[in-house]
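First up is the structure itself, then whatever we jot down about it.
The values are calculated or read from the model by the stated rules, or taken from the named source; none is laboratory data. It should be emphasised that the depicted structure is a prediction, and the values quoted were computed from it without experimental measurement. All Cβ positions, even for glycine, are placed from backbone atoms using ideal geometry, and neighbour counts span all protein chains on display. SASA here: full protein model, heavy atoms, side chains in, ligands and nucleic acids out. Shrake-Rupley method; radii C 1.70, N 1.55, O 1.52, S 1.80 Å.
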2 protein chains.
Amino acid sequence: MDPAPASPRLTAALALLRTRGERVTPARRAVLQVVDAADGAEEHLTAEQIGARVAALEPTVHRATVYRTLTSLTDAGVLSHVHLGGTATVYHLTATEPERAGTSEAEVGTAAYGHVHSGHAHVQCVECGRVLDVPPEALEGVAARLLDDLGFTLDTSHAALLGRCSDCT
Amino acid sequence: MDPAPASPRLTAALALLRTRGERVTPARRAVLQVVDAADGAEEHLTAEQIGARVAALEPTVHRATVYRTLTSLTDAGVLSHVHLGGTATVYHLTATEPERAGTSEAEVGTAAYGHVHSGHAHVQCVECGRVLDVPPEALEGVAARLLDDLGFTLDTSHAALLGRCSDCT
DNA sequence: CTGCCTGCAAAGGATTTGCACTCAT
DNA sequence: ATGAGTGCAAATCCTTTGCAGGCAG
């Protein structure tokens, strides 16, 4: 009856974690669960926010542990982070493989573009802070050019571009 | 005999400052002088670094004042900042008009951070931290697309893109 | 069992704020 | 003169670290 009995991505993450020789503990499970849930809701959480939710979910887990966990899980490749607005760093599960979000993405109408995960790039509104996902292909041109001209390999999903969203223009 | 008797840009900045109804004080002069000097050297300074240099230049100016000054000068439009690597925020004079830096830029300096100025976009190497300038036009494609699809107005010079430079690939 | 991971608590570093005073205008 | 700007110092905020004990493997 629970809506999300055990996200397949969460399971995969835990498996990967063990593969990497890391231990699976309650704290790590809680962190991954929180991040996975946020991913599903297209939310971008900072270390602090993750800490808060973990605290709500598993009060025995200490803040410090959350920070250490985020670091080790990222090192292990289970988590990835994106730098937003030059200020915040948000975490998400490292998408092992591109998933097919059932939703009809590609739409522009409302707010977001598509979903989180994989190689998405991000843009953030400097006014309202909202984060929008951008299909990686949107940056292909720049990426190619940077590689050509500067030999610079662009990581399209590591940092957010800034600007103003339609609501704040 | 001083190498930089009084940078025209510094003078202009001070003038603009007054125009905006802001007062010209020793502290602000010092901050602007430090930032202008760094600009000339194609350096990117964080608030903290600016604070350090101001302290060396004008020991009576308090750290807190530097922070407040950076904020007000930015609000006044005299200074602008760029977010690097998603972590650091660096300041530079707002280029009132595109200037011709005598130096042969476009090239990657030696170590540290590189470059500044007007509408340049920035890319930063996640490995060595080096910052490269990118002509704004390189992002025109993305910018157009974001505006079209999302109504998002991209600010190409506000945040740095991340990746790996040729040396660190 | 062994040592990786955790809880706790205290340290740390960067930025901010209240308040009274000073100086630019 | 008059209030924007400043100095000082304490207060925050977020994150990290040293240690001893506990649990995963």
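Once the label point is set 7 Å along the Cα-to-beta-carbon vector, what list of distances in nm do you get between B:ASP75 and its counterparts in the other copies?
B:ASP75 label point versus its equivalents elsewhere: 4.3 nm.
Taking a label point 7 Å out from Cα toward Cβ, give me the nm distances from B:SER7 to the same spot in the other copies, shortest first, one decimal.
Spelled out, the distances from B:SER7's label point are 4.7 nm.
Accessible area lost on pairing A with B, both sides, 1.4 Å probe, Å² to nearest 100?
Numbers: alone 10250 and 10090 Å², together 17450 Å².
Rounded to the nearest hundred, the buried surface is 2900 Å².
Of B:LEU132, B:HIS158, B:VAL142, which is farthest towards the positive pole of region B:121-163's charge dipole, taken about the Cα centre with +1 and -1 on the beta-carbons of Lys, Arg and Asp, Glu respectively?
With unit charges placed on the Cβ atoms, the residue in question is B:LEU132.
Taking the Cα centre of region A:1-66 as origin and charging only Cβ (+1 Lys, Arg; -1 Asp, Glu), how large is the dipole, in debye to the nearest 20?
On the way: 8 positive and 8 negative charges, 80 e Å.
Charge dipole, region A:1-66, about its Cα centre: 380 debye, nearest 20.
Ignoring ligands, DNA and RNA, what percent of the accessible area of region A:121-163 is carbon or sulfur (1.4 Å)? Walk me through the numbers before you get to the answer.
Details: 750 of 1640 Å².
C and S atoms contribute 46 percent here.
What residues have an amide H closer than 5 Å to that of B:THR89, excluding those fewer than 5 places away on the same chain, when H is modeled at 1.01 Å from N in the peptide plane?
B:ALA47, B:LEU84
Shortest first and in nm with one decimal, please list how far the B:ALA56 label point sits from its counterparts in the other copies (point 7 Å along Cα→Cβ).
Here B:ALA56 shows inter-copy label distances of 4.8 nm.
Considering only protein heavy atoms and a probe of 1.4 Å, how much of the accessible area of region B:9-76 is carbon and sulfur, as a whole percent?
51 percent
Between A:LEU147 and A:ALA52, 0.36 nm times their residue separation minus their Cα-Cα distance comes to what? Could the numbers behind the result be given before it?
Numbers: separation 95, 0.36 × 95 = 34.20 nm, distance 4.02 nm.
Full extension of this stretch gives 30.2 nm more.
Return one quarter of the surface area of the convex hull spanned by the alpha-carbon atoms of region A:8-93, equal to its mean projected area, in nm².
Numbers: hull surface 20.4 nm².
One quarter of the hull surface, i.e. the mean projection, equals 5.1 nm².
How much accessible area per residue does region B:121-163 have, in Å², with a 1.4 Å probe? Could you put the intermediate results ahead of the total?
Numbers: 1480 Å² over 43 residues.
Value for region B:121-163: 35 Å² per residue.
Compute the Rg/Rh shape ratio of region A:121-163: radius of gyration over Kirkwood radius, all on alpha-carbon atoms. Don't skip to the end; give the middle numbers.
Numbers: Rg = 11.5 Å, Rh = 11.0 Å.
Rounded to two decimals, Rg/Rh equals 1.05.
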